[in-house]
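Before any comments, here is the structure.
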Amino acid sequence: MENAAIHFKNRAQKYNHSSNWVEDQALINRIFELSGVGTESLVLDIATGTGLIARRFYGRVKNVTGLDISPDMAKHADECMDEIIFAPYEQMPFADNSFDAVVCRQGLQFAELDKAIPEIHRVLKPGGTVTLCHLTAYNDTDRELTFAIQKLRNPARRNYLMPHDISTCLQKQGFCDVADTEYVTPESINKWIDNGAIPQENMDGIRELYRSADEAFKQIHHVRFADGDILDDMLLMIATGKK
């Protein structure tokens with residue numbers, strides 16, 4: 001498995017335009033709405049990266065703290081948050097009960113979940129909310145091929161997620177009012193794989209997996225081939241809960 005810090009160092013320059021979901025304001029707004037924050041909220045954005053999620057909260061809450069492992073990604077996060085801390089998600093340098101809300105979009109697939117989820121619970125205040133958004137397979141039918149594609153696209157990925165995996169982790173950790181919200185994101189595969197961090201052979205491998213996919217996968221993902229590109233309706237799940 002590739003080192004995540006190196007992976008995102010290589011992706012930093014292209015990250016903000018590396019997929020549809022990265023720039024999707026409707027998705028960003030949905031995460032903001034589900035977080036339930038108010039003007040006095042203290043918010044932690046895990047895997048803040050280039051700050052696109054933090055920016056939605058910045059100026060609308062009392063304080064936004066970004067947490068990441070990649071200074072190279074943070075170079076592109078100008079005026080997105082009040083402060084940024086560089087540390088692993090499994091060992092957050094914050095006191096117990098520090099935040100009213102913890103949010104994360106596309107970060108925990110690179111973390112040790114059995115350590116990161118307890119840390120999220122620890123740093124949240126009682127009554128605080130968690131909002132975690134991640135790419136998943138749809139079901140058992142597309143699982144094997146979806147994960148094979150994700151592995152080629154993100155060699156640093158640690159976790160390959162099914163729709164309810166994160167919410168199940170939240171329930172086991174003792175969060176209450178746990179729920180899942182589906183969000184389908186239409187993606188250009190040419191754009192999605194040109195992320196600056198994988199070799200040409202991985203990009204070619206992903207295209208071949210789509211071409212050779214069975215009809216069930218193509219139907220579930222609404223795969224289309226057009227103008228030299230491949231289009232895939234990917235599934236994001238937003239898991240929410242309260243401490």
Regarding residue 100, is this residue of a type in the set (Asp, Glu) and either in contact with a helix residue (DSSP H, G or I) (Cβ under 6 Å, 6 or more places away or on another chain) or over 27 Å from residue 168 (Cα atoms) (or both)? no
Can you tell me how many residues within region 190-243 are in a loop (DSSP other than H, G, I, E, B) and crowded, with 18+ Cβ neighbours inside 10 Å? 6
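Let's see how each residue does on (1) buried (at least 19 other Cβ atoms within 10 Å of the Cβ); (2) within 23 Å of residue 20 (Cα to Cα); (3) at pLDDT 95 or above:
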site	(1), (2), (3)
131	yes, yes, yes
143	no, yes, yes
147	no, yes, yes
163	no, yes, yes
170	yes, no, yes
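Residue-by-condition table, conditions (1) in contact with a Gly (Cβ under 8 Å, 6 or more places away or on another chain); (2) aromatic (Phe, Trp, Tyr); (3) within 29 Å of residue 119 (Cβ to Cβ):
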| site | (1), (2), (3) |
| --- | --- |
| 164 | no, no, yes |
| 182 | no, no, yes |
| 190 | yes, no, no |
| 211 | no, no, no |
Among the residues of region 77-96, is there at least one that is over 26 Å from residue 126 (Cβ atoms) and among the charged types (D, E, K, R)? yes
Looking only at residues in region 97-126 that are surrounded by 18 or more Cβ atoms within 10 Å (Cβ to Cβ) and among the small types (Gly, Ala, Ser), which one is farthest from residue 40 (Cα to Cα)? 111
Among the residues of region 27-47, is there at least one that is modelled with pLDDT under 95 and either part of a helix (DSSP H, G or I) or out of contact with any Leu (no Cβ under 6 Å at 6 or more places or on another chain) (or both)? yes
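The values are calculated or read from the model by the stated rules, or taken from the named source; none is laboratory data. Worth saying up front: this structure is predicted, and the values here are computed from it rather than measured. Quick reminder, even Gly has a Cβ in these numbers, built from the backbone with ideal geometry, and neighbours come from all protein chains shown.
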